[in-house]
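The structure under discussion appears below in the form of structure tokens.
The values are calculated or read from the model by the stated rules, or taken from the named source; none is laboratory data. Only a predicted model underlies this, so the values are computations on that prediction, with no experimental measurement involved. Glycine gets a Cβ as well: all are built from the backbone with ideal geometry, and neighbour counts include every protein chain shown. Surface accessibility is based on the protein's heavy atoms, side chains included, excluding ligands, DNA and RNA. Shrake-Rupley method; radii C 1.70, N 1.55, O 1.52, S 1.80 Å.
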Amino acid sequence: MSVLPSSQQQIVFLLLGLAATVALIGVSILISLSEISFAAARDVRLRSRAEAGDPRAVAFLKLRRNSGQVITVLQICLNAVGVLGGIISESMLSDPIAAGFRAMGTSPALASKLGSACSFMLITGLFVLFADLLPKRIAMNAPDRIALKVGWFPAIALKVLYPAVLVFSKISDWLLKLLKIPAAATVEPVTPEDLRAILAAGTASGVLLEEEHQMIQNVLGLQDRAVTSAMTPRDEIVFLDVQESPESQRDKVRVRPYSRYPLCDGGLDKVIGSIRAEDVLVAVVDEPQPKSTGLAPIASQIFRMRRDVLSLPDTLNLWETLAQFEAHSAGFALIVNEYGLVVGLITYKDIMGALMDGLVSPFEEQAIVRRDDKSWLIDGAAPIGDVIRELDIPMFDDAQNFDTVGGFVMNRLRRMARKADSVQSSGFRFEVVDVEGFRINQLLVTRLN
């Protein structure tokens, strides 16, 4: 049996060592890709792929339900590869490299040390670069796609190494229990602040347009805005009264054309229903027929055309109001306080206006107009949430006591506002510019130095 010369043996060992190193790096690449993608892949996207019939997504989601065992098997594989890499470095690469140094005239002792050091640096550099850094960066860039491609590896490793995984899992669970640390991570709910931060990040990255971000914020803000912040106040409600003359009703419809009107019998606190504008025109134009109702003919005809009207408490927010509209197939409601008095009126259009708030609209005057870097003209009926967002100031501690910026000023004054009154808060001065009756029409807000 022939024996290879020593130099040929060293070359064979070197080639075998390099081949084994390449194989271990390949396994380590699969481990790194699986580890990062398993942690970073998004459930939402994978669920949509699973619902579309992708078997890889179904298998991955099933595997993710055993996250503790998957992490354990990946760590076992990772440490096993590290130990094998050290063995290969010492037994298969050090001697050939040391032989190379001895061939160049280096003393045997120094050549042995240099061989060990070079093999260590070679193995460490290859593993750090090709088995750690590159695969993890690739997996971070596309975790969902990588998870579907390498999901088979942790599944197979879990089946092969299940006894070892079971032993290590039991030991780790016992140690965690001994240290009074929860074995499973608690899932924290996503808060509105988290969602707003995600939306802001999406806008900054260009995924969302500014208008889309504003629209989503307005949708989220419907739960924070009281119905009173978007309603038409009582003194601005246009209503029809069966006790009024036909000419008066016709003039109201002509001067203030709306699709619906509250129908009353002696004032706004005696609402008997609602009526459409076209019904009023039909009643005015048609030939009146005498009736035995005790009302004038035209009033009797309007009375017969009345429809039910939805009434809602003033404690609802806009989201709840929208839900009531959907439940009753209505787009028009009276707002009533706890004493049974009508305080306002809200329509589906008002809620849509709240959704569009902050977006450019050529048809409506903006409630908040920026004059320069330090001053704004603000309508007294502007919702306080919009003012806080526009001026970028922290939420007031007593914000639940008022819905509009005019209500905020009166709350601070502790009395009804008069022209030229002002209050200071959060580094801004809120000065009353115009007052109509008891209501603040306009404010000049100035940022203080």
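Within the range 207-234, the residues that satisfy the criterion of being assigned to a loop (DSSP other than H, G, I, E, B), open to solvent by 50 Å² or more (accessible area, probe 1.4 Å) and of a type outside the set (D, E) are V207, L209, Q223.
Every residue in the range 405-440 that is touching a strand residue (DSSP E or B) at 6+ places or on another chain (Cβ under 7 Å), within 22 Å of D314 (Cα to Cα) and assigned to a strand (DSSP E or B), please. Passing the criteria: only I440. Mind listing just one residue for me: the one in the range 377-404 that is in a strand (DSSP E or B) and in contact with a helix residue (DSSP H, G or I) (Cβ under 7 Å, 6 or more places away or on another chain) and, of those, modelled with the highest pLDDT? For the range 377-404, the residue satisfying everything is I378. Remark: pairs (first residue in the range 253-268, on the phi > 0 side of the Ramachandran plot; second residue open to solvent by 40 Å² or more (accessible area, probe 1.4 Å) and assigned to a loop (DSSP other than H, G, I, E, B); Cβ separation under 7 Å; 6+ apart in sequence or on different chains) = G266/Q243. For G68, the criteria (1) modelled with pLDDT of 85 or more; (2) touching a Ser or Thr at 6+ places or on another chain (Cβ under 7 Å) hold in every case but one, which is (1).
The set of residues in the range 6-40 being within 28 Å of S119 (Cβ to Cβ), in contact (Cβ under 8 Å) with a residue 40 or more places away in the chain and either among the aromatic types (F, W, Y) or surrounded by fewer than 16 Cβ atoms within 10 Å (Cβ to Cβ) (or both) consists of S6, S7, I11, F13, L16.
The set of residues from the range 65-88 being in contact (Cβ under 8 Å) with a residue 60 or more places away in the chain and over 41 Å from the mean Cα position of the chain (by Cα) comprises L84, G85, I88.
The selection criterion, being crowded, with 17+ Cβ neighbours inside 10 Å, within 30 Å of R429 (Cα to Cα) and at pLDDT below 85, holds for G358.
The residues listed here are R447, R414, R439; of these, the one that is open to solvent by 20 Å² or more (accessible area, probe 1.4 Å) and free of Cβ contacts under 8 Å to residues at least 60 places away in the same chain is R414. Filtered by the rule that a residue be within 20 Å of I335 (Cα to Cα) and among the hydroxyl-bearing types (S, T, Y), the range 214-268 gives T228, S229, T232, Y258, S259, Y261.
Filtering D132, D95, D144 for residues that are touching a residue at least 24 places away in the same chain (Cβ under 8 Å), open to solvent by less than 50 Å² (accessible area, probe 1.4 Å) and not hydroxyl-bearing (S, T, Y) leaves a single hit, D144. Residue count for the range 269-278, restricted to those that are without any contact (Cβ under 8 Å) to a residue 12 or more places away in the chain and not in a helix (DSSP H, G or I): 1. Scan the range 271-279 and give yes if some residue there is open to solvent by less than 30 Å² (accessible area, probe 1.4 Å), modelled with pLDDT under 85 and among the polar types (S, T, N, Q), otherwise no. Checking the range 271-279: not a single residue is open to solvent by less than 30 Å² (accessible area, probe 1.4 Å), modelled with pLDDT under 85 and among the polar types (S, T, N, Q).
Looking only at the range 371-386, decide whether some residue is open to solvent by less than 40 Å² (accessible area, probe 1.4 Å), of a type in the set (V, I, T) and within 34 Å of the chain's Cα centre (by Cα). Yes: the range 371-386 contains one or more residues that are open to solvent by less than 40 Å² (accessible area, probe 1.4 Å), of a type in the set (V, I, T) and within 34 Å of the chain's Cα centre (by Cα). Looking across the range 105-129, the residues that are open to solvent by less than 30 Å² (accessible area, probe 1.4 Å) and either outside any helix (DSSP H, G or I) or touching a Ser or Thr at 6+ places or on another chain (Cβ under 9 Å) (or both) come down to G115, S119, I123. Looking across the range 41-67, the residues that are open to solvent by 90 Å² or more (accessible area, probe 1.4 Å), over 20 Å from A142 (Cβ atoms) and part of a helix (DSSP H, G or I) come down to E51, K62.
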